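Read through the structure below, which is laid out as structure tokens, and then see the notes.
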Amino acid sequence: MSTKILIIGFVWPEPNSSAAGSRMMQLIELFQKQNWEVHFATTAIETNHMVDLNEFEVTTQQIQLNHDSFDEYIKVLQPNIVLFDRFVIEEQFGWRVAEQCPGAIRVLDTEDLHSLRKTRQETFKKNVEFTSEALLSSEIAKRELASIYRCDLTLIISTYEMELLQNVFKVNKSLLCYLPFLIEEITENEILELPKFEDRQHFMCIGNFRHEPNWNMVLYLKEIIWPMVRKKLPKAELHVYGSYPSEKVTQLDKKTDGFLVKGWVDDVNRVMRESRVCLAPIRFGAGIKGKFTDAMQNGLPSVTTSVGAEGMSDGYPWSGIVADEAKEIARAAVDLYQNEQEWLKLQENGVTIINTIYSSIKYQENFITTLKSFSESLSQHRNSNFIGAMLMHHTLKSTKYLSKWIGEKEKTNKLSC
């Protein structure tokens, strides 16, 4: 009998809009390589940039929050594995899965540690230093860690976050699986086809503008970094790309300053191959950044911060320059834009990183092997995770009845209308 996997998505996948969308499509491809039957369910509304999963032979289903119809849906489907896309999805549907399909392996894909990103954002806005103590005291960290414990396995995308969970939060390694982006290796022929240094011009940055770290980055560039760069390179331009640019984003466009807000782009590879430097000074965030793996695949060195490069090179020399002070970021951007030898060395570093850390064949076998082993020893695995069992018990007693109360309230409201 074929293995059946249900993915409960936070949103419909948009691989051209976000790293999360690319990640989801990589996972779907991996599951299908195992000849697994893939189903995707979500409460999200459809968007213009979403992938048509039916074209990828994925069965889709629109589901509702706090509604018993999901119980009937999953009871009929009876998946062997359920993957929750972000911890908030596990909070909403995990208890229902546990009730209706107790034998299904429950997997959480964090995308990035939301609690890390949110805590960094809060400390940044308060202008105080980020510490592990701040993270340990945050409410969202308690929620996210509870979700990790309730699941049989959690996918972690960054080596930094693997170490954080084990060393700071003391999560047992048996509950975690390091699985970064799964990218095809760059061949020698592809390297030879990359545009040369002299054939590229201007700076670029890219990111989903609904993602707060990206919006903050663009403001930082506009107000502080870019004026310093432009003073040294008066003919250079910064091209800002990204999905869902609001009016406040487009208003930043100013051609006379060389600050050009381009918005949505259909082909990120093309614009990256035309550019000479990816300038992305991210001041807070988490996980690994798709903009940099995209840049490395297109032979585009970058200038970013320690947060931007965090957990992405796993000890290998980085494919760009890292700086955290505004003046240093601007100086690095100007130097890299003019220094062909340094540029070529960093481009080579990027190829090494993609072909060693993000090679699609390196970590996927361990992940699939772990899932298959759970089918034979799931009870034993869960018995060794008493904290998870305890949290699931209390979740069933609290979240379950809160959800049912909301559902009944909505029914009453409809009847009274």
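Read-outs: derived from the displayed coordinates by stated rules, not from any lab. Just so it is clear, the structure is predicted and the values come from calculations on it, not from any experiment. With ideal geometry, Cβ positions are generated from the backbone for all residues, glycine too; neighbour counts draw on all protein chains shown.
Counting only DSSP beta bridges with both residues in the stretch 189-356, the antiparallel share comes to about 5 percent.
The residues Thr370, Thr154, Thr47, when put in order of fewest to most other Cβ atoms within 10 Å, stand as Thr47, Thr370, Thr154. The magnitude of the dipole of the stretch 189-356, with charges of +1 and -1 set on the Cβ of Lys/Arg and Asp/Glu and taken from the Cα centre, is near 560 debye. Remark: relative contact order (the stretch 189-356) = 23 percent; criterion is Cα-Cα distance under 8 angstrom and separation of 6 or more residues.
When Arg143, Arg276 are sorted by how many other C-beta atoms sit within 10 angstrom of their C-beta, beginning with the fewest, the order is Arg143, Arg276. Averaged over residues, the count of other Cβ atoms within 10 Å places the peptides 300-308, 317-325, 64-72 in the sequence 300-308, 317-325, 64-72, highest first.
Take 281-293, 213-225 and order them by the average number of nearby Cβ atoms within 10 Å per residue, most first; the result is 281-293, 213-225. Pairs of alpha carbons in the stretch 263-345 separated by more than 19 Å make up 35% of all such pairs.
Put simply, the amide H of Val265, placed in the peptide plane, has neighbours under 5 Å in Gly242, leaving out anything fewer than 5 places away on its chain.
By other beta-carbon atoms within 10 Å, ranking Glu161, Glu198 with the fewest at the front produces Glu198, Glu161. Of the peptides 173-183, 241-251, the ranking by mean beta-carbon count within 10 Å, highest at the top, reads 173-183, 241-251. Under the criterion of Cα pairs below 8 Å and six or more residues apart, the relative contact order for the chain equals 15 percent. The alpha-carbon atoms of the stretch 112-258 define a convex hull whose volume equals 179 cubic angstrom per residue. What the phi angles of the stretch 172-189 give under the Karplus curve with 6.51, -1.76 and 1.60, with θ = phi - 60°, is a coupling list of 5, 4, 5, 8, 10, 9, 6, 9, x, 4, 10, 10, 5, 5, 7, 8, 4, 5 Hz, glycine and proline written as x.
With the charge dipole of the chain set up from +1 on Lys and Arg Cβ and -1 on Asp and Glu Cβ about the Cα centre, the Cα lying farthest toward the positive end among the listed residues Ile224, Leu344, Tyr160 is that of Ile224. Here the Karplus curve 6.51 cos²θ - 1.76 cosθ + 1.60, taken at θ = phi - 60°, turns the phi angles of the stretch 35-45 into couplings of 6, 8, 8, 9, 10, 10, 10, 7, 8, 6, 7 Hz, with x standing for Gly and Pro.
Look at the Cα gyration tensor of the stretch 248-296: its axes a ≥ b ≥ c give a/c of at least 1.5 with a/b at or below b/c, and that counts as oblate. Taking 29 Å as the limit for the C-alpha separation, the pairs Lys4/Lys362; Lys196/Lys255; Lys327/Lys362 exceed it in the case of Lys327/Lys362.
If you take all other residues with their beta carbon under 12 Å from the beta carbon of Glu139, and give Lys and Arg +1 and Asp and Glu -1, the sum is +1. Charge dipole of the chain (Cα centre as origin; +1 on each Lys and Arg Cβ, -1 on each Asp and Glu Cβ, all else neutral): 1220 debye, rounded to the nearest 20. Kirkwood analysis of the chain, using all unique Cα-Cα pairs, places the hydrodynamic radius at 22.8 Å. Find how many whole Å separate the alpha carbon centroid of the stretch 51-84 from the alpha carbon centroid of the stretch 129-169. Taking the Cα centre of each part, the stretch 129-169 and the stretch 51-84 sit 27 Å apart. How large is the translational diffusion coefficient of the stretch 1-153 in µm² per second when you combine the Kirkwood radius over alpha carbon pairs with Stokes-Einstein at 10 °C and 1.306 mPa s? Translational diffusion coefficient: 96 µm²/s.
Shape class of the stretch 74-144 from the alpha-carbon gyration tensor: prolate, with a/c at 1.5 or above and a/b greater than b/c. Distance from the alpha carbon centroid of the stretch 180-241 to that of the stretch 303-370 works out to 13 angstrom. Taken over the Cα atoms of the stretch 1-53, the convex hull encloses 69 Å³ per residue. Per residue, the chain reaches -15000 deg cm²/dmol at 222 nm when only DSSP H runs of four or more residues are counted, each adding -39500 (n - 2.57).
Taking a sphere under 13 Å around the Cβ of Pro227 and counting the other residues whose Cβ falls inside, with K and R at +1 and D and E at -1, yields a net charge of +4. Shown in residue order for the stretch 52-62 are the 3J(HN,Hα) couplings computed by the Karplus curve 6.51 cos²θ - 1.76 cosθ + 1.60 at θ = phi - 60°: 7, 5, 4, 5, 9, 6, 9, 7, 10, 8, 7 Hz (x for Gly and Pro).
A Cα-only calculation for the stretch 189-356 places Rg and Dmax at 14.6, 42 Å.
In terms of its alpha-carbon gyration tensor, the stretch 307-387 comes out oblate; a/c meets the 1.5 threshold, while b/c is at least as large as a/b.
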